[in-house]
Amino acid sequence: MATPATADIFYLNSYQSAQGGYNRGYAAVGGSTAIVEACDMGPGDSRRAVTTISTNAGGYYEVQDANGSNNGCVRELFVDADLIYSGLKYLMSSCIQNGFTGTPYNCATRWGVVD
């Protein structure tokens, strides 16, 4: 059994769209949970804010904010005791994309390790 982990917390802004909109992504990973948030920030640009977490244990967590550029956020809690543990390496991406199934772009990425 893996030891309980404390949360690794980080904010990460994507690069801006041509119209100036961007994603302010947030992640808190640890203690067998991942809290992932996507925030559609800046002026309206008809794009979605997308935040993802990919782990070296096979976990993948994604949140999209498609409610317009009202500077609001969508946050989800993922509970996965077997895939989130102390020492876990993960990649966080903060992107924008065109539509639900569009290709993410203007991404900023960050590697993290859960304590």
Checklist entry - What spacing in nm lies between the two simple spin-label points modelled at residue 10 and residue 67, each 7 Å away from Cα in the Cβ direction? => result 2.6
Item to check | Percent accessible area from carbon and sulfur atoms, the chain, protein chains only, probe 1.4 Å | outcome: 52
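At 1.4 Å probe radius, can you tell me the per residue accessible area of the chain in Å²?
Averaged over the residues of the chain, the accessible area is 50 Å².
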Next on the checklist: If I take the Cα coordinates of the chain and project them onto the principal axes, what are the three extents in Å, biggest first?
Outcome noted: 47, 22, 19
Item to check | Ranked packing of 23-36, 50-63, most packed first, by mean Cβ within 10 Å | outcome: 23-36, 50-63
Checklist entry - residue 108 versus residue 82, label points 7 Å from Cα toward the beta carbon: distance in nm? => result 3.5
Item to check | Contact order normalised by residue count of the chain, Cα under 8 Å, 6+ apart, percent | outcome: 30
Item to check | Pairwise centroid distance, computed over Cα atoms, of region 15-41 with region 42-115, Å | outcome: 6
Next on the checklist: Sort 81-88, 38-45, 105-112, 92-99 by packing, meaning the average of other beta carbons within 10 Å per residue, with the highest value first.
Outcome noted: 92-99, 38-45, 81-88, 105-112
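The values are calculated or read from the model by the stated rules, or taken from the named source; none is laboratory data. Because the structure is a prediction, the values reported are computed rather than measured. For neighbour counting, all protein chains shown are included, and Cβ atoms are generated from backbone atoms with ideal geometry for every residue, glycine included. These area figures cover heavy atoms from the full protein model, side chains too; ligands, DNA and RNA do not enter into them. Shrake-Rupley method; radii C 1.70, N 1.55, O 1.52, S 1.80 Å.
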